[in-house]
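The values are calculated or read from the model by the stated rules, or taken from the named source; none is laboratory data. Remember, predicted model here, so these are calculated numbers, not experimental data. Every residue, glycine as well, gets a Cβ built from its backbone with ideal geometry; the counts of neighbours run over all protein chains shown.
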Amino acid sequence: MHHTLTKVLVANRGEIAVRIIRACREMNLRTVAVYSECDRTALHVRYADEAYAIGANAPRESYLRIDKLLDVARQSGADAVHPGYGFLAENAGFARACRDAGLTFIGPSPEAIDLMGSKTAARAEAMAAGVPVVPGTKDPLGPDVADAEVARIADEVGYPILIKAVAGGGGKGMRTVTQAADLPGALRAARSEALSSFGDPAIYVERRIMRPRHIEIQLLGDHHGTVVPFVERECSIQRRHQKVVEESPSPVVTPELRRRMAGAAAAVARRVGYSNAGTIEFLLDESGEFFFLEMNTRLQVEHPITELVTSTDLVHWQIRIARGERLDLDPGRMLSPVGHAIECRIYAEDPDHDFLPSPGLVTALRAPAGPGIRRDDGGAVAGVVVPVFYDPLLAKLATWAETRSMAIARMARALDEYDVRGIKTTIPFFRWLLADPDFLAGRIDTTFIDHALAARNGRPFLEVPEDAEDVAAVAVALQAFTRKAPAAPGPAAPDSRWQRAARTEALR
Amino acid sequence: MQLQIDVNGRPRTVDIERKDGLYRVVIDGVERMVDAAAVDGSTFSLICLADGRSSQEVGLSPTGLPGEIAVHMPSGVASVRVLTGAASRFGRGAGAAQAAGTQQVLAPMPGKVVKVLVKPGDEVKARQGLIVVEAMKMENELRSPKDGRVREVLVAEGASVEAGRPLVVVE
């Protein structure tokens, strides 16, 4: 059963490509990177053993081109492919094409991706495994289903409803509709986004559970029938249905509830013969009841927090499982978190202008460091241009500490250290969020950000105290003064504390 | 050396001179002595002598708008405009006139116009959607800054736009 892998094609870009390349190096596997035109100097290209150009910047012309990726695999002699997340990670056609080409796909089988990638089929599997689901349509509603028919179904399910893309994920192609009058517009938007993002305009309709928490269970399955579920991740902090902060464990999940949710997740995975890494997402309502939401048949963006509280490496395990190895993790330990971890997704977005993307030139950057900090980024440094073509995720910043409150305090400290200039980032938004009394008390649900943002009423995140305005005035005056008389600050300029600290750390 | 600046919208007068190996900085008549050292061309380590040598690191970065500098501090970012000399045209007068009259809605990022929701002559409410621009795989709806009437739509659906390009004029 156990077979050898030697060279892995990483069919992705950015921080996740770097994350996978690092794991491959640690396991003595050679790595092959691919890149679009604007990614020629990206970190994943520089870190890989080999790198191949695959086309223009638009994803459809490069990172989504199965034919080009398979060409690169052949040319480079790769024997395995890791899809990362996003792009082709949940594309069964890609997994199948890899298998047909004799390549090991480091992920689930194409059959499992097909089955669980269809939200309606996945719901049916969950029900068959005895796991409760949110009320909604059983079959996908294709483009041929008239608006009037969707309206009838929506009435039956009961408002408020969610319209979701059957092939979707990450909030794209998803709309909340609170009354029948808003349905036609929402339907048009959802279908058009579903078509442009996933190439499939089919949607489905689901009852919207009010103020739910989003709790998900990571799991691993091997090719010998073993499925191991992990401690939950709480991902209720979402904006536009995109997770922005995740933590593990959840502040409200008891060991007893954890056992039940993990058991439900494992039951679904076993039922569909799932292998490799996957995640089952649940909604947890105010009464403590949970409902199957969907399965993600891939590694998740937020996997580091699970790694931090369980002392495992999920990418190592993905590769070991793909090689046919048996899972020998202690299932009890995977459900017994040590300490607490939290992750903030640092986006190149302007929190003061509706979180619009803020691509462009990074003029200066210093990343946080020190105990309990884990940063996964795609190599953003001063001088790098954040491209407009892809997700504006600049870095994932995770912190670990013995308790939730200390993990949050450590994150706040790390955000204070994080100095990114030239582009706008969501760092000021996180600074505010991490000081919110309800967040600190763990009183959160998936509508938390919407409500908290509304309550701010447009108050800018970049507001600074009055004494800091004085400091800003001093700094600007200094720069103007020293530029006029460049000798002034002169040789006296010592290193900053930060530089000294970084250097000391490097020497350790 | 004297500068007229505007910090987060508040006008300030700053005098700066070298004194006893330190900097004497007077902001609106209030004096402080600062021990300043340049870490690099745009980063300063400041030790203010007033409050028990409080230490701060401050970074400066151009915002792309002429005369405007973003000042990065541990407590956040302040926006500073230098009003003396060539930059003085960014004074308060221009802003006030703009708020009262016609406003342009600019592309905040490079992207593609996927939908134009209004046409010239349409009455619009503040925060009403005007145009949808796709960037980084997300559709972003740009909204009207005020109640008013659409005077001009400057782009067509399908057009690629650069950041800062005027898209719609509302009067």
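Things to note:
- Restricting segment A:163-175 to residues that are part of a strand (DSSP E or B) and more than 13 Å from A:Leu141 (Cβ to Cβ), the residue that is modelled with the highest pLDDT: A:Arg175
- The listed residues are B:Val7, B:Val39, B:Val34, and the only one of them that is closer than 21 Å to A:Pro351 by Cα, buried (at least 16 other Cβ atoms within 10 Å of the Cβ) and not aromatic (Phe, Trp, Tyr) turns out to be B:Val7.
- Helices (runs of 4 or more DSSP H) enclosed by segment A:47-140 - at least 3 residues per element that are among the basic types (Lys, Arg): none
- Every test in (1) buried (at least 19 other Cβ atoms within 10 Å of the Cβ); (2) out of contact with any Leu (no Cβ under 9 Å at 6 or more places or on another chain) is passed by A:Gly370 save one, and that test is (1).
- Within segment A:99-143, considering residues that are at pLDDT 95 or above and charged (D, E, K, R), the one farthest from A:Trp317 (Cα to Cα): A:Glu125
- Residue-level check: of (1) at the interface with chain A (Cβ under 8 Å from one of its Cβ atoms); (2) surrounded by fewer than 18 Cβ atoms within 10 Å (Cβ to Cβ), B:Leu22 misses just (1).
- The number of residues in segment A:160-189 that are under 20 Å from A:Arg123 (Cα atoms) and either touching a residue at least 24 places away in the same chain (Cβ under 8 Å) or surrounded by fewer than 16 Cβ atoms within 10 Å (Cβ to Cβ) (or both) comes to 16.
- Among the numbered conditions (1) buried (at least 20 other Cβ atoms within 10 Å of the Cβ); (2) in contact with a Phe, Trp or Tyr (Cβ under 7 Å, 6 or more places away or on another chain); (3) in contact (Cβ under 8 Å) with a residue 40 or more places away in the chain, the only one that A:Ile106 does not meet is (2).
- Filter pass, A:Ala112 being touching a Ser or Thr at 6+ places or on another chain (Cβ under 7 Å) and outside the structural domain of A:Pro201 (by TED's automatic domain parsing): yes
- Check on A:Ala42, buried (at least 21 other Cβ atoms within 10 Å of the Cβ) and more than 22 Å from A:His316 (Cα to Cα): yes
- Condition check for B:Val25: in contact with a Cys (Cβ under 6 Å, 6 or more places away or on another chain) and outside the structural domain of B:Ala163 (by TED's automatic domain parsing): no
- Number of the exception - A:Thr363 against (1) touching a Ser or Thr at 6+ places or on another chain (Cβ under 7 Å); (2) of a type in the set (S, T, N, Q); (3) at pLDDT 95 or above: (3)
- Enumeration of residues in segment A:434-469 that are within 14 Å of chain B (Cβ to nearest Cβ), at pLDDT 95 or above and part of a helix (DSSP H, G or I): none
- Breaking point among (1) more than 17 Å from A:Asp222 (Cα to Cα); (2) modelled with pLDDT of 95 or more; (3) in contact with a strand residue (DSSP E or B) (Cβ under 8 Å, 6 or more places away or on another chain); (4) surrounded by fewer than 24 Cβ atoms within 10 Å (Cβ to Cβ), for A:Glu256: (3)
- Residue in segment A:325-336 that is part of a loop (DSSP other than H, G, I, E, B), touching a residue at least 60 places away in the same chain (Cβ under 8 Å) and of a type in the set (Lys, Arg) present: yes
- Members of segment A:311-350 that are under 18 Å from the mean Cα position of the chain (by Cα) and either on the phi > 0 side of the Ramachandran plot or within 14 Å of chain B (Cβ to nearest Cβ) (or both): A:Arg345, A:Tyr347, A:Ala348, A:Glu349
- Taking the criterion of being part of a strand (DSSP E or B) and in contact (Cβ under 8 Å) with a residue 60 or more places away in the chain, the residues of segment A:356-377 that qualify are A:Gly360, A:Leu361, A:Arg366, A:Arg374, A:Asp376, A:Asp377.
To keep it simple, each residue is scored yes or no on (1) within 26 Å of the chain's Cα centre (by Cα); (2) in a strand (DSSP E or B); (3) within 10 Å of another protein chain (Cβ to nearest Cβ).
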{"site": "B:Gln4", "(1), (2), (3)": "yes, yes, no"}
{"site": "B:Thr13", "(1), (2), (3)": "yes, yes, yes"}
{"site": "B:Val26", "(1), (2), (3)": "yes, yes, yes"}
{"site": "B:Arg32", "(1), (2), (3)": "no, yes, yes"}
{"site": "B:Asp35", "(1), (2), (3)": "no, yes, yes"}
{"site": "B:Ser45", "(1), (2), (3)": "yes, yes, yes"}
{"site": "B:Gln56", "(1), (2), (3)": "yes, yes, yes"}
{"site": "B:Gly64", "(1), (2), (3)": "yes, no, yes"}
{"site": "B:Val71", "(1), (2), (3)": "yes, yes, yes"}
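- Qualifying residue in segment A:284-298 (condition: under 21 Å from A:Arg22 (Cα atoms), surrounded by 19 or more Cβ atoms within 10 Å (Cβ to Cβ) and modelled with pLDDT of 95 or more): yes
- Whichever residue in segment A:383-395 is in a loop (DSSP other than H, G, I, E, B) and facing another protein chain (nearest Cβ under 10 Å) and, among such residues, is surrounded by the most Cβ atoms within 10 Å (Cβ to Cβ): A:Pro392
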